[in-house]
Every structure is written in C-alpha cells, then in structure tokens.
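The values are calculated or read from the model by the stated rules, or taken from the named source; none is laboratory data. Here the structure is a predicted model, which is why all the values come from computation and not from measurement. When we count neighbours, we look across all protein chains shown, and the Cβ atoms used for this are built from the backbone with ideal geometry, even at glycine.
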Amino acid sequence: MNVKILLAILLCSSAALANEPVKVGNVEKYLDHQRDVREDFQYSKKFKHVDNGSKERLYKAQDQIFSLLEGRANVDELSPDQMLELYNAQGVVNSVLTDAELDREICKREKVLGSHRSSMVCMTVREARNIKETDKTMMMAPRACNNKTSNCG
C-alpha cells in the first residue's frame, strides 16, 4: 500500500516539476492523492513556507477537481469542456507545487573568506538558482585586458 502511494506521489511530483498535468488512470487513487496533498498543505510542516494565496489557489483547484471527478469511475465520462476544466485545475495544482519547491528555503554552511570558521547561509531554491546562473554567466563572459598594464579582469 505504501509503495503505491509513494509511486503515485513520485509520478505526480515529476509531472508537477515538468509542468504537465498528471494522467488520471484510476480516478479514486487520483482523488486520494489530491486529498493527501491537501492534508499535507493543511497539517504538515513540509509546505509551511507556501503563502496563503497559493494555498487558496490550490484548494480552489482541488475543489474543482473533486466536483468534476466525484462519483465517476473514469475520466472518459467527462464532457470535452469538463476535461478542459480538469486539465486547467491540474495545471493550477502543479504550478502551486512547483512554486512551493522554488520558494523552499535551503540552508548550508559556508566558510568565511580568510577564516576557518563557517557561517550559516539560508536562501530559497529560486535564489540559489539565480546566483548559480549569474555566476555561470559572469564566468563565461569575455574579459577585456589592458595591454599596457597586463591587467586582465
């Protein structure tokens, strides 16, 4: 049972990170997964860093998913308009989960320059990515040299 839940979470998480909606094979398992995600958002510390506006967007999208799929055995029972609503609601859930990951705070110890001491540095995943991209851009940028002083930089 736990393996199935873990597999469902991994599939949904990978789809969320890929920004693609989850394919709904078994409606009941999918609804159970959505309930688990909602419970995590409400009671777990895992998503405490997500702002209330994003949580409300998630809950509203999940309510739409629940209303569309409750009592149905298969998504094929939905009309084309309902399928589009489901697709859009899944997109909202996925975007909230993706933003939650980017806004997650990470901390690490870094050595202080010129010292053997280390200090704690905390930043979000988004900030860490931006710093990494900026550093990479700066390293790849062409450098100008002054031939008179042999000073490059």
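Within the stretch 45-86, the set of residues being at pLDDT below 90 and aromatic (Phe, Trp, Tyr) comprises just one member, 47.
Out of all the residues in the stretch 125-144, which are over 30 Å from residue 30 (Cα atoms) and surrounded by 10 or more Cβ atoms within 10 Å (Cβ to Cβ)?
As a first pass, look at the stretch 125-144 and keep what is over 30 Å from residue 30 (Cα atoms): 127-144.
127, 128, 129, 130, 131, 132, 133, 134, 135, 136 - these are the residues of the stretch 125-144 that are over 30 Å from residue 30 (Cα atoms) and surrounded by 10 or more Cβ atoms within 10 Å (Cβ to Cβ).
What tally of residues in the stretch 50-73 results from selecting those that are surrounded by 15 or more Cβ atoms within 10 Å (Cβ to Cβ) and assigned to a helix (DSSP H, G or I)? Walk me through how you get there before you give the answer.
Of the stretch 50-73, the ones surrounded by 15 or more Cβ atoms within 10 Å (Cβ to Cβ) are 50, 54-55, 57-59, 61-62, 64-65, 68-69, 72.
Checking which are assigned to a helix (DSSP H, G or I) leaves us with 54-55, 57-59, 61-62, 64-65, 68-69.
Residues in the stretch 50-73 being surrounded by 15 or more Cβ atoms within 10 Å (Cβ to Cβ) and assigned to a helix (DSSP H, G or I): 11 in total.
Number of residues in the stretch 93-146 that are over 20 Å from the mean Cα position of the chain (by Cα), polar (S, T, N, Q) and either more than 30 Å from residue 50 (Cα to Cα) or in a helix (DSSP H, G or I) (or both): the value is 4.
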